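Asks: Could you have a look at this structure, given as structure tokens, before my questions?
The values are calculated or read from the model by the stated rules, or taken from the named source; none is laboratory data. Since this is a predicted model, take the numbers as computed values, not measurements. When we count neighbours, we look across all protein chains shown, and the Cβ atoms used for this are built from the backbone with ideal geometry, even at glycine. Note: areas computed on protein heavy atoms with side chains; ligands, DNA, RNA excluded. Shrake-Rupley method; radii C 1.70, N 1.55, O 1.52, S 1.80 Å.
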Amino acid sequence: MALTKPSIEIAGASTAPNSTTSSTTDIWGIFRALRDARSLFGLRPSHIHTLQAMLSFLKPGHGETVFASNYSICQRVGGIDERTLRRHINRFVELGFITRNDSSNRKRYRVRSSNGECISYGLSLAPLLQRASELVALAQEIEHNRRDQIFLRKQILTKLAQLEELDHRNPFIRDARKALRRKLSLSEYRALLAGTDAEFELISMEPDAPETMTLPANDGQTVRHQSKSEEERKDLEKTPADPLLEPQLLTSVCDQAASFTTNKLRNWIDIANHARTLAPMMGIHPGAFEKAANAIGVRKASCAVFILLQFGERVRDFGAYFHSITLGQRQSQFNPTALIKRLAVAGIHST
């Protein structure tokens, strides 16, 4: 190992007893900045612990050189072996944070002349203090990135929750949540958010089911509406109805839903069409209603809309609750007939 000695003039200028560098500089603020930015320099926590121990030997007004022996530093770190300490010191020297000023016998001490000039032999932390602005800027950039990553992550999770309400079987949701289990960079978070937004827009642009309100239509549109109604009528006729739940019972108990139409709801086709009209008004996406109708049947999906509207303010989020009882975990527990009878007995409906 080559011996390096500072000149007397440099030593006298930078390490004199009346030097105020170490007292006026926020040494521990610089340390915290390097600690936060350590990954950029390839430093491990053990390196930071060693640096913390060396900094603790500095005394305000006595310069930036550590005179403590390797043994004393090892003990202050927590009992690490001397070989590990030397590796850590060499790493800091390579990075330019420490300058090693060795004496002929490798001892660490300071000598002073009669006119006040001095030479310090030891581990000089002056390079670390001189790079304070660089380290603080890097630490601030890392903190800004961390906050931006959290902000983007929350946006992604919110969008994924909305996507699950519309289509919980969407494979994009599974892949996105799998990606979020890894530590992503800021650019990866931005790309994932852009992909989530695009997927949300794609689902939102799916064709909505026709509503029952009378709208001007050309012959082609009229034919399509009639064809849809005819297909649904056939499906309802094929599906066995619950003999204990008649349309009249549903509309009389769930009079809140019935109050939103001037037409009489005479059969399940009328009820299904009216449920499609009510769903968007309640925050239930039309696509979610159609998926529920395909999963549990048009009757049960329509009953869910009527029952939720009857509960009114008791339900905080109609869309989320509708998804839960028709497509989610409570699907098997949803029994519209039992709920209608309970509502009728409890007298919750208007009289």
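Asks: On average, how much area does the Cα convex hull of the stretch 260-351 cover when viewed from any direction, in nm²?
Replies: 6.0 nm²
Asks: Same structure, new question: In square nanometres, what is one fourth of the surface area of the convex hull spanned by the alpha carbons of the stretch 28-79?
Replies: Approximately 3.9 nm², given one-decimal rounding.
Asks: With the calculation restricted to Cα positions, what are the radius of gyration and Dmax of the stretch 70-136 in angstrom?
Replies: Rg then Dmax for the stretch 70-136, in Å: 14.1, 41.
Asks: On the principal axes of its Cα set, how long, how wide and how thick is the stretch 84-213? Give whole Å, largest value first.
Replies: Cα spread of the stretch 84-213 along its principal axes, largest to smallest: 104, 29, 15 Å.
Asks: Go through the stretch 249-351 and name the chymotrypsin sites (Phe, Trp or Tyr not before Pro) that are in a DSSP coil and have 15 or fewer other Cβ atoms within 10 Å of their Cβ.
Replies: Those that pass, being in a loop and sparsely packed, are Phe260.
Asks: Now for a different question. For the stretch 40-99, which whole percent of the accessible surface, found with a 1.4 angstrom probe, sits on carbon and sulfur atoms?
Replies: Here carbon and sulfur together make up 50 percent of the probe-accessible area.
Asks: Which order do the peptides 297-305, 156-164 come out in when sorted by mean C-beta neighbours inside 10 angstrom, highest first?
Replies: Highest to lowest by the protection proxy: 297-305, 156-164.
Asks: Report P(r) for the stretch 15-136: all Cα-Cα distances, bin width 10 Å, range 0 to the bin holding the largest distance, values in whole percent.
Replies: Reading upward from the zero bin: 13, 46, 33, 7, 1.
Asks: If you roll a 1.4 angstrom probe over the protein chains with everything in place, what fraction of the accessible area of the stretch 252-351 belongs to carbon and sulfur, to the nearest %?
Replies: Whole-percent figure for carbon plus sulfur exposure: 49.
Asks: Report the net charge of residues surrounding Gly328, where surrounding means a beta-carbon distance below 10 angstrom and charges are Lys +1, Arg +1, Asp -1, Glu -1.
Replies: Around Gly328, the surrounding residues sum to -1.
Asks: Which pairs, out of Lys291/Lys341; Lys264/Lys291; Lys300/Lys341, put more than 19 Å between their alpha-carbon atoms?
Replies: Pairs exceeding 19 Å: Lys291/Lys341; Lys264/Lys291.
Asks: Another question about this same structure. Just to verify a number: FRET efficiency for Val93 and Ala137, C-beta to C-beta distance, R0 = 30 Å, to 0.05?
Replies: 0.85
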